[in-house]
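Quick notes on the structure that follows.
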Amino acid sequence: MTKLSDTQTIILSRAAQTEDRIALPLPESLRGGAATKVVGAMLAKGFLEEVDANMRKGEPVWRETGDGHGVTLVATAAGLAAIDIEPEDVNTAPAGATDAPTEEPAPDAPTGPEAAPKTRTPREGTKQATLIAMLRAPDGATIEEIMAATNWQPHYADARIMPM
């Protein structure tokens with residue numbers, strides 16, 4: 001299973017929700033050099049690819065090529081697989097893409113019985129384990145109950161439970 005940062009997961013999840021798998025716009029908190037670094041890493045891993053942007057269709061531009069054209073970022077089959085989405089679950093022909101996805105798995109994609117992801121369980125006695133147990137209870141949990149059990153302040157509890 002590929003380890004992704006929260007930002008990479010957000011970028012790929014947004015792209016998976018669009019018909020043409022375009023990964024733009026990037027999260028507002030990701031700008032300048034940080035955006036270049038994150039996108040560069042995702043391009044290197046094959047999670048994103050640069051394709052010609054269809055300016056007439058209003059596709060967002062990642063970077064300009066200098067000749068009045070631009071390129072956009074599109075999630076690849078490997079990128080979708082990294083967030084556990086089968087390429088068949090979304091349209092497989094993004095606008096401007098030159099190569100259609102093939103039926104072959106990505107070269108680094110695991111195959112066979114070892115491909116099943118491991119079930120993650122939080123360590124016992126942690127605040128995360130406490131929170132998960134409280135939220136899984138039949139009646140759930142209130143913010144006040146969570147604050148009392150975890151010793152969190154109201155603003156922190158809200159942010160941890162309902163991230164923006």
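Derivation of every value follows stated rules applied to the coordinates shown; laboratory data play no part. Owing to the predicted nature of the structure, the values given are computational and were not obtained by experimental measurement. Neighbour counts run over all protein chains shown; Cβ positions are idealised from the backbone, glycine included.
Odds and ends about this structure:
- Computed over the Cα atoms of region 1-59, pair by distinct pair, the Kirkwood hydrodynamic radius stands at 12.2 angstrom.
- Cβ crowding within 10 Å ranks 132, 11, 146, 85 as 132, 85, 146, 11, fewest other Cβ atoms first.
- Fully extending the segment from residue 35 to residue 147, taken as 0.36 nm per residue of separation minus the present Cα-Cα distance, adds 36.8 nm.
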